[in-house]
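First up is the structure itself, then whatever we jot down about it.
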Amino acid sequence: MARVLILFAHPAFEKSRVHKAMVKQVLKVEGITFHDLYESYPDFDIDLDREQELLLQHDVIVFQHPFYWYSCPAILKQWEDLVLEHGWAYGRGGTKLSGKILFNAITAGGREEIYQESGYNRFTIKQLLVPFEQTAQLCKMIYLPPFVIHDTHRMNPSSIELGALRYKQVIEDFKNDKIIQKDLQNLKYLNEIIPAPSELKN
């Protein structure tokens with residue numbers, strides 16, 4: 001089984017409908033590590049040694065966060081700046097993360113169609129996530145397409161629950177080594193590998 005670490009960053013978690021549902025479902029997956037960065041570091045004083053040790057202990061790293069201003073909440077950027085040290089994660093001798101899997105699990109208020117080169121936001125989600133992809137590349141990690149839930153502002157409770165169940169299934173499949181990496185690179189989103197929502201169960 002793969003060891004999965006979810007690094008969760010949401011500065012207004014108490015107001016979130018979708019991430020609450022995602023977290024509730026993913027915590028049902030036995031054997032994963034769920035790490036809430038804002039809860040652990042309310043003052044942004046990140047424990048470098050602790051975070052590096054967590055990375056070493058896991059095979060699959062998930063950045064779960066809302067897609068704020070085409071990027072991530074501040075604490076996740078702070079985490080990257082401090083934890084991914086030269087000589088440890090990249091650069092001469094920086095091979096500690098080599099071969100580990102990384103992907104983003106994000107929510108976006110906008111509809112999927114506005115994240116197109118011809119759409120309102122002018123770029124696709126995958127294009128906007130290129131800094132994460134390049135970070136993974138620099139650290140010799142395997143970067144996969146994101147898991148994305150769109151149009152969160154207008155989702156009803158049933159749609160939110162189905163999105164959360166699909167996320168849970170993705171995490172379970174990674175943990176149980178059911179996902180073949182070579183089949184994923186050309187996907188738009190990891191959502192595509194999950195059965196139709198009607199087939200999912202709690």
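The values are calculated or read from the model by the stated rules, or taken from the named source; none is laboratory data. This is a predicted model, so every value here is computed, not measured. All Cβ positions, glycine included, derive from the backbone under ideal geometry; neighbour counts span all protein chains shown.
How many residues, within the range 123-141, are of a type outside the set (Gly, Ala, Ser) and part of a helix (DSSP H, G or I)? Quick ask: steps written out before the conclusion?
Taking the range 123-141 as the starting set, the residues that turn out to be of a type outside the set (Gly, Ala, Ser) are 123-135, 137-141.
The next check asks that each one be part of a helix (DSSP H, G or I); those that pass are 125-128, 130-135, 137-138.
Count: 12.
Would you mind telling me which numbered condition in (1) at pLDDT below 95; (2) touching a Leu at 6+ places or on another chain (Cβ under 9 Å) residue 147 fails?
The number of the failed condition is (1).
Go through the range 88-116 and give me each residue that's assigned to a loop (DSSP other than H, G, I, E, B) and touching a helix residue (DSSP H, G or I) at 6+ places or on another chain (Cβ under 8 Å).
The first filter runs over the range 88-116 and keeps only residues assigned to a loop (DSSP other than H, G, I, E, B), leaving 88-89, 91-100, 108-111, 115-116.
Listed by number, the residues that qualify are 88, 89, 96, 97, 100, 108, 109, 115.
For a quick check of your reading of the model, give me the residue pairs whose first member lies in the range 129-151 and is free of Cβ contacts under 8 Å to residues at least 12 places away in the same chain, whose second is of a type outside the set (D, E, K, R), with beta-carbon atoms closer than 6 Å and at least 6 apart or on different chains.
The qualifying pairs are 133/143.
For the range 62-87, how many residues are in contact with a helix residue (DSSP H, G or I) (Cβ under 6 Å, 6 or more places away or on another chain) and surrounded by fewer than 18 Cβ atoms within 10 Å (Cβ to Cβ)?
Residues meeting the conditions: 2.
Determine which single condition residue 43 fails, assuming it passes every other condition in (1) closer than 22 Å to residue 145 by Cβ; (2) assigned to a loop (DSSP other than H, G, I, E, B).
Looking at each condition in turn, residue 43 falls short on (1).
Out of the residues in the range 149-171 meeting the condition of being under 21 Å from residue 28 (Cβ atoms) and among the charged types (D, E, K, R), tell me which one is surrounded by the fewest Cβ atoms within 10 Å (Cβ to Cβ).
Residue satisfying both the conditions and the ranking: 161.
Need pairs with beta-carbon distance below 8 Å; first residue surrounded by 15 or more Cβ atoms within 10 Å (Cβ to Cβ) and within the range 6-21, second in a loop (DSSP other than H, G, I, E, B) and among the polar types (S, T, N, Q); sequence gap 6+ or separate chains.
10/16
I'd like to verify a number: residues in the range 146-180 that are among the charged types (D, E, K, R), part of a helix (DSSP H, G or I) and over 14 Å from residue 112 (Cβ atoms), how many?
Count: 6.
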